[in-house]
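The values are calculated or read from the model by the stated rules, or taken from the named source; none is laboratory data. Small disclaimer: the values here were computed from a predicted structure and weren't measured. Cβ placement follows ideal geometry from the backbone for every residue including glycine, while neighbour counts extend to all protein chains displayed. Heavy atoms of the whole protein, side chains included, go into the accessibility calculation; ligands, DNA and RNA do not. Shrake-Rupley method; radii C 1.70, N 1.55, O 1.52, S 1.80 Å.
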Amino acid sequence: MYEKDFAEYLQAEKKMAKNSLEAYERDVREFTSFEESRGMNNILETSSTEIIAYLNHLKGANKSAATVNRKLASVRAFFNFLQSRRMISDNPTAGIKSPKIEKKELEFLTLEEIDKLLESPDDSHKGIRDLAILETLYATGIKVTELIDANVEDINFRMGFISCVGESSKTRIVPLGRPARAALEEYVYEVRDGMLKKNKKEKALFVNYMGKRITRQGLWKILKEYGEKSGISHNLTPNVIRNSFAVHMLQNGADLKSLQELMGHEDITATQIYLAATKNRIKDVYDKSHPRAK
């Protein structure tokens, strides 16, 4: 009951995107199931001890610090909601710190690797579709969910942009470069209709051989195929291409505020990690190149 009220609150008042909403719901369900397995039948009686027990349970299941942090954030938001509705007086997550996450080096491709990647697809119908996918990901830096959810009507070929829905269901306009626009035009006008088969009413921009909207798993499989084909040492994921877009934009003079808008970040601190990566690369070049760097 409380979980349903929480979900309705996130959707109606927070205008949360579908995938984020589902993640919060899933995390809260997992927590309440854990509580029930321990004999806790009234979630309103949850104490900080129970929260700590849940976090220890997650760590014992070898969940990463990032996963534990996300689940704790969902549970914290749930109890904040209950407190705001005066169902509880104190939030049991108050004062509980999130686990520290080890900073990983940002993974992104060099310009040479991007060129090899974009040269990998062949001239088959599949290859034409896949090139359009790769060009769109690199040209726009959009997230995997935004690409999968995109419909044909979201592309404006005349003006050269794609419209996508990001965090908090906010729509933003992202420009498409000429290569991406050309690849998309070839796919949409010459290939897509044949891939639809009997699903002529399908609105999805990118479809699979069954004529249905491409799935997240399907997209990851495509990227893995071309990552291996082009000899890229990274485990190629949509996020690696998104990182590459951001770093290359900054390396070529983009300002942080504009990049924030293009990537759909609500907080500019999320964009600043790319600036750090750019500075690290410049320092590496200096250290290797300058005769008196060391």
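Here are the numbers:
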quantity: Condition met for A77 (surrounded by fewer than 16 Cβ atoms within 10 Å (Cβ to Cβ), under 23 Å from the mean Cα position of the chain (by Cα) and among the small types (G, A, S)); calculated: no
quantity: Qualifying positions in segment 65-81 - under 10 Å from P99 (Cβ atoms) and in contact (Cβ under 8 Å) with a residue 12 or more places away in the chain; calculated: A65, A66, V68, N69, L72
quantity: Helices (runs of 4 or more DSSP H) fully within segment 1-69 counting 1 or more residues that are touching a Pro at 6+ places or on another chain (Cβ under 9 Å); calculated: 48-60
quantity: Residue among K97, K116 that is in a loop (DSSP other than H, G, I, E, B) and out of contact with any helix residue (DSSP H, G or I) (no Cβ under 7 Å at 6 or more places or on another chain); calculated: K97
quantity: Pick from segment 217-230, criterion in contact (Cβ under 8 Å) with a residue 12 or more places away in the chain and open to solvent by 100 Å² or more (accessible area, probe 1.4 Å), ranking: farthest from K143 (Cα to Cα); calculated: K229
quantity: Subset of segment 169-204 (residues that are open to solvent by 100 Å² or more (accessible area, probe 1.4 Å) and part of a loop (DSSP other than H, G, I, E, B)); calculated: K170, K197, K198, K200, K201, K203
quantity: Residue check, T145 β-branched (V, I, T), in contact with a helix residue (DSSP H, G or I) (Cβ under 7 Å, 6 or more places away or on another chain) and open to solvent by 10 Å² or more (accessible area, probe 1.4 Å); calculated: yes
quantity: Residue count, segment 51-76 (criterion: more than 22 Å from S37 (Cα to Cα) and hydrophobic (A, V, I, L, M, F, W, C)); calculated: 2
quantity: Residue check for M263: at pLDDT 85 or above and either open to solvent by less than 10 Å² (accessible area, probe 1.4 Å) or acidic (D, E) (or both); calculated: yes
quantity: Residue check, A150 among the small types (G, A, S), within 17 Å of the chain's Cα centre (by Cα) and open to solvent by less than 30 Å² (accessible area, probe 1.4 Å); calculated: yes
quantity: Hey, L106 open to solvent by less than 70 Å² (accessible area, probe 1.4 Å), in a loop (DSSP other than H, G, I, E, B) and of a type outside the set (S, T, N, Q) or not; calculated: yes
quantity: The one condition in (1) over 18 Å from the mean Cα position of the chain (by Cα); (2) under 20 Å from L131 (Cβ atoms); (3) not acidic (D, E) that G218 fails to fulfil; calculated: (1)
